[in-house]
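Below is one structure, written out as structure tokens; the observations come after it.
The values are calculated or read from the model by the stated rules, or taken from the named source; none is laboratory data. Only a predicted model underlies this, so the values are computations on that prediction, with no experimental measurement involved. Cβ: placed from backbone, ideal geometry, glycine included. Neighbour counts: every protein chain shown.
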Amino acid sequence: MLMLFMHVFIHIYSVANPSNFGDVLSNPGQLAIFVPVFLFSNFRGFFLIISMILNAYNVTRSLRKGVSREKVLGKQLFTGFIIYIVGLLSEGYFQYHGVFGRSLLTRTWRIDRFSHILHTEAINSIGISIMILGILFYFLSFNDGANKPLRNAIILAIIGIAVVVLSPLMYNVASKAIGSYIDLGGGELGYSYYHVQYDFNSFGEFFNRLGWAILVGKEQPLFPFLGVVCIGAILGNYLAQEKPKRLITGVGMISGGVIFIIGVVLLLFESDIMDAIVEIADTVHPTFFFCMLTGLQLLIICGWLRAYEFNPKRDMVKYTKRTRFFRRWGLVSLTLYVLQYYIEYLCEWIGEITTGIPFLTRWGVDFFPYVLIMMVLVVAVWDLVFRIWEKLKFVGTFEWQLTSLSSVVLNPQGEKGKKAERMNIRQTLYEPEPVVFYSE
């Protein structure tokens, strides 16, 4: 839902036009609106941490129940690969900048936008991270390693820190390997970035660019986001232990604060602070910005765990009712991500033809209340779609397709009781199993 708010804002509000940044910085009112939206629109690591917490939790639980590490690894590799392929198709075809999205916006067939299949975004990152996490836990699980959270945390922290520290070096290596890493230039919307990573003229160049896109490309590459994966893996592995203590949330919040402070210090060491801030829009997250965001995200997640998941006095009936809206959206988050733009386009098209307000013009709306109304409308329509789809048991969603494919590939014998829990709609939305971690 937050993603929808952010994307509508960025697509239609004139304040989001990079050419207007100078005016925004001198306008306190616009700045007060822009800063939090800009901040939350870059909360990419937030969803990656949550995904990896859940994934590491499930992997650890499976290993502790005696499931073979080979079987766990196979499931991780299969699931991650399928999600990654969906991510490629999403970026190349379905997203705002892909073939279908841009063709719809410009009303001309834009097959050239297929090059954005090399755009590394959230779904791609999650798919790759699931595969990597499976490999990491395959080796960590030797000698009963799944039950050694402190040792695993040390190893994962070392890997994560190394990845973040090496990220600037990797960007330089990429620039030398494929030419200028990024080339600024005008586009049909008046302002766009043309990235060398999208330029290929042969299968060889395509796979070369694909490799670099995974490592350091826009927007969510392994460098530095593998560091976020390690954070999620540490928390998930710890929470899956028999009696996790509430202390982990305090350690996580302190760690988040320290990481945030490191980001601030790195920013202060920049020779031109304003130029460094503006550069955020041009490149993959600079180290200072990545640290600031990761610190905030870790604070929020660990604060939530501390307040709700480690609270034995929590009223599960009220909690279930209050969180059902968000759990419904989470149940089909992959489908939402891939198809998000089409409901947005429909709402903006109807809004434009009925009011004359240029909702379909990139950065065409100057009056923020109009933007806010459109943001709420898009979310409301998507919620209605999900409620109707729920009645149809979410048949046809990407989640439904993934679980159906998994049941065939990973459960070829058709054993009973092997349906993926993710699409168990009644249990997930109306009868969730209460999970209150051990607290002392």
_Among (1) modelled with pLDDT of 95 or more; (2) among the small types (Gly, Ala, Ser); (3) within 22 Å of Arg209 (Cβ to Cβ); (4) more than 18 Å from the chain's Cα centre (by Cα) - the single one Ser115 does not satisfy_ = (1)
_Can you go through Val376, Val338, Val365, Val385 and tell me which one is within 22 Å of Val99 (Cα to Cα) and β-branched (Val, Ile, Thr)?_
Val338
_Residues of the range 113-164 that turn out to be part of a helix (DSSP H, G or I), farther than 30 Å from Val99 by Cα and either among the polar types (S, T, N, Q) or touching a residue at least 12 places away in the same chain (Cβ under 8 Å) (or both), as a count_ = 20
_Name the residue that is surrounded by the fewest Cβ atoms within 10 Å (Cβ to Cβ), counting only residues in the range 102-112 that are at pLDDT 90 or above and part of a helix (DSSP H, G or I)._
Ile111
*Out of all the residues in the range 204-226, is one or more without any contact (Cβ under 8 Å) to a residue 60 or more places away in the chain and farther than 25 Å from Ile123 by Cβ?*
yes
*part of a helix (DSSP H, G or I), over 30 Å from Glu242 (Cβ atoms) and in the same structural domain as His116 (by TED's automatic domain parsing), is that true of Leu89?*
yes
*Please enumerate the residues belonging to the range 313-358 that are in contact with an Asp or Glu (Cβ under 9 Å, 6 or more places away or on another chain) and not aliphatic (A, V, I, L, M).*
Thr320, Phe325, Arg328, Trp329, Ser333, Thr335, Tyr337, Pro358
*Across the range 160-180, which residue is farthest from Ile234 (Cα to Cα) among those that are of a type in the set (S, T, N, Q) and loosely packed, with under 13 Cβ neighbours inside 10 Å?*
Ser180
_I'm told Gly364 meets every condition in (1) surrounded by fewer than 18 Cβ atoms within 10 Å (Cβ to Cβ); (2) small (Gly, Ala, Ser); (3) out of contact with any Pro (no Cβ under 7 Å at 6 or more places or on another chain) except one. Can you identify the failing condition by its number?_
(3)
*Answer yes if at least one residue in the range 357-366 is over 24 Å from Leu88 (Cα atoms), over 23 Å from the mean Cα position of the chain (by Cα) and of a type in the set (Phe, Trp, Tyr), and no otherwise.*
yes
*Which number in (1) surrounded by 19 or more Cβ atoms within 10 Å (Cβ to Cβ); (2) basic (Lys, Arg); (3) modelled with pLDDT of 95 or more marks the one condition that Arg151 misses?*
(1)
*asked:* Given the criterion in contact with a helix residue (DSSP H, G or I) (Cβ under 8 Å, 6 or more places away or on another chain), outside any helix (DSSP H, G or I) and surrounded by fewer than 17 Cβ atoms within 10 Å (Cβ to Cβ), identify the matching residue among Arg314, Arg324.
replied: Arg314
*Matching option when the condition is surrounded by 12 or more Cβ atoms within 10 Å (Cβ to Cβ) and either more than 21 Å from the chain's Cα centre (by Cα) or not in a helix (DSSP H, G or I) (or both), among Ile388, Ile353, Ile343, Ile373*: Ile373
*Take Phe137 and decide whether it is hydrophobic (A, V, I, L, M, F, W, C) and closer than 30 Å to Ile234 by Cβ.*
yes
